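**Q** Below is the structure I would like to discuss, written out as structure tokens.
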Amino acid sequence: MKNLKDSIQECIVNEAQQVEYHVSFLTTKDEERIPYTVKILVDKKYQRNFENFLDNEQDNIFYHVEGGNVEY
């Protein structure tokens with residue numbers, strides 16, 4: 001079992017290896033019918049692949065995307 005210090009360090013290292021995106025899906029809306037935003041964390045090694053997916057699905061699935069190298 002890891003001690004607390006090692007666990008915290010591992011979380012910090014893992015977070016540094018992920019890219020954060022804030023995404024609003026077209027079909028998810030709050031009570032005022034405004035798309036709400038979710039946070040998606042993608043491993044850095046999959047960043048380009050995920051951004052290609054975002055570009056291909058712009059206006060099909062996503063209302064707004066912000067993060068990494070993408071913003072629309």
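The values are calculated or read from the model by the stated rules, or taken from the named source; none is laboratory data. In this text, all values refer to a predicted model and were calculated from it rather than measured experimentally. Every residue, glycine among them, receives a Cβ derived from its backbone with ideal geometry; neighbour counts consider all protein chains shown. These accessible areas exclude ligands, DNA and RNA; they are computed on the full protein's heavy atoms, side chains included. Shrake-Rupley method; radii C 1.70, N 1.55, O 1.52, S 1.80 Å.
**Q** Might you check whether a residue that is at pLDDT below 95, of a type in the set (S, T, N, Q) and in a loop (DSSP other than H, G, I, E, B) occurs anywhere in the stretch 17-35?
**A** yes
**Q** Mind checking which residues of the stretch 54-72 are touching a helix residue (DSSP H, G or I) at 6+ places or on another chain (Cβ under 8 Å) and either among the small types (G, A, S) or open to solvent by less than 50 Å² (accessible area, probe 1.4 Å) (or both)?
**A** Within the stretch 54-72, F62, V65, G68, V70 qualify.
**Q** Hey, among the residues in the stretch 30-48 that are open to solvent by 90 Å² or more (accessible area, probe 1.4 Å) and over 12 Å from the mean Cα position of the chain (by Cα), which one's nearest to N60 (Cα to Cα)?
**A** Ranking the candidates gives Y36 first.
**Q** Kindly indicate whether E51 is open to solvent by less than 60 Å² (accessible area, probe 1.4 Å) and at pLDDT 95 or above. Let's see the steps before the verdict.
**A** On the way: open to solvent by less than 60 Å² (accessible area, probe 1.4 Å): yes; at pLDDT 95 or above: yes.
Spelling it out, E51 is indeed open to solvent by less than 60 Å² (accessible area, probe 1.4 Å) and at pLDDT 95 or above.
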